[in-house]
Amino acid sequence: MPAGLTLNHFVILSLALFLLGSICVLTRRNAIGILLGIELILNAANINYVAFAFFNPAAHYDGQVFAIFVIMLAAAEAVIGLAIVLAIYNHLRTIDVAANETLKG
Amino acid sequence: MIAVIVFWTLAVITVLSAMITAFSRNIVYSAFALLGSFAGVAGIYLLLGADFLFIIQIFIYIGGILVVTIFAVMLTQGVADMNISNRIVGLIPAALIALLAGAVMLEAILRTPWPHPGTAALNPTTHAIGNAFLGPFLLPFEIASVVLLAALIGAIVISRQAARAEA
């Protein structure tokens with residue numbers, strides 16, 4: 001199908017998404033902002049899975065199955081992460097990760 | 001030719017939204033910009049012939065994770081729009097780290113001669129994915145259900161503790 005599209009297009013798009021996600025994780029003080037960056041990184045990984053699977057028809061479905069597992073884990077991670085963030089917010093009234101570094105109630 | 005235009009449109013949408021997510025000072029804008037990234041990635045899946053994954057991405061990422069995230073952002077408003085600057089890693093060192101890592105990875109991507117056995121045919125994938133889940137991937141599939149159950153119970157336990165602490 002994709003005449004003129006190579007694997008490199010998709011891998012480099014995924015690289016761009018990964019780097020933006022890691023900048024987001026590195027610079028945020030807001031715990032929810034860090035979770036947003038992690039979601040971007042997971043999406044970048046998923047693009048790689050699906051792209052490599054598409055350009056290798058023998059493993060076409062394996063890559064997609066792995067991407068589904070990643071999405072499942074991302075959902076679980078988001079729910080648990082946000083529950084922890086809300087618990088911290090209720091406890092300390094802030095979600096600044098630097099203010100929570102003591103890890104003590 | 002059309003595939004190339006579609007790819008670049010989706011790539012621009014995805015990357016621009018991701019840039020808003022990464023660089024916006026307001027966490028609410030960041031969370032909403034994630035919608036563009038997720039939708040763009042969903043389009044990429046469609047372009048790669050993964051129709052089931054496209055629907056999963058819309059349902060779970062946009063319909064689930066994004067909504068939960070925006071809920072959390074709204075519930076913690078007030079302190080939510082904190083300054084982006086971090087006293088440990090500022091924007092400039094972070095961008096420097098990302099640029100260095102990105103340069104290395106880009107070099108590796110461009111130098112690697114990817115084997116190219118061809119491209120997959122554009123068929124509906126749901127049937128084959130279902131067979132894969134109940135065939136070779138049966139064990140991970142069952143473990144995934146345990147993980148989801150653990151996440152469910154964990155989220156309830158953590159939020160109940162929070163509610164009890166408030167009461």
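The values are calculated or read from the model by the stated rules, or taken from the named source; none is laboratory data. As the structure is a computational prediction, the values presented were derived from the model and not from experiment. Glycine also receives a Cβ, built like all others from the backbone with ideal geometry; neighbour counts cover every protein chain displayed.
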Return the residues of the stretch A:1-30 that are modelled with pLDDT under 90 and among the small types (Gly, Ala, Ser); say none if nothing qualifies.
A:Ala3, A:Gly4
Being part of a helix (DSSP H, G or I), within 7 Å of chain B (Cβ to nearest Cβ) and either hydrophobic (A, V, I, L, M, F, W, C) or touching an Asp or Glu at 6+ places or on another chain (Cβ under 7 Å) (or both) is the filter here; which residues of the stretch A:22-34 pass it?
A:Ile23, A:Cys24, A:Leu26, A:Ile32
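Here is a yes/no grid of residues against (1) over 24 Å from B:Phe7 (Cα atoms); (2) touching a residue at least 24 places away in the same chain (Cβ under 8 Å):
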position: A:Gly21; (1), (2): no, no
position: A:Arg28; (1), (2): yes, yes
position: A:Leu42; (1), (2): no, yes
position: A:Ala51; (1), (2): no, yes
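To keep it simple, each residue is scored yes or no on (1) part of a helix (DSSP H, G or I); (2) more than 7 Å from every other protein chain (Cβ to nearest Cβ); (3) not charged (D, E, K, R).
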position	(1), (2), (3)
A:Leu5	no, no, yes
A:Ser14	yes, yes, yes
A:Leu20	yes, no, yes
A:Leu40	yes, no, yes
A:Ala44	yes, yes, yes
A:Val50	yes, no, yes
A:Gly63	yes, yes, yes
B:Leu122 - would you say it is at the interface with chain A (Cβ under 8 Å from one of its Cβ atoms) and touching a residue at least 60 places away in the same chain (Cβ under 8 Å)?
yes
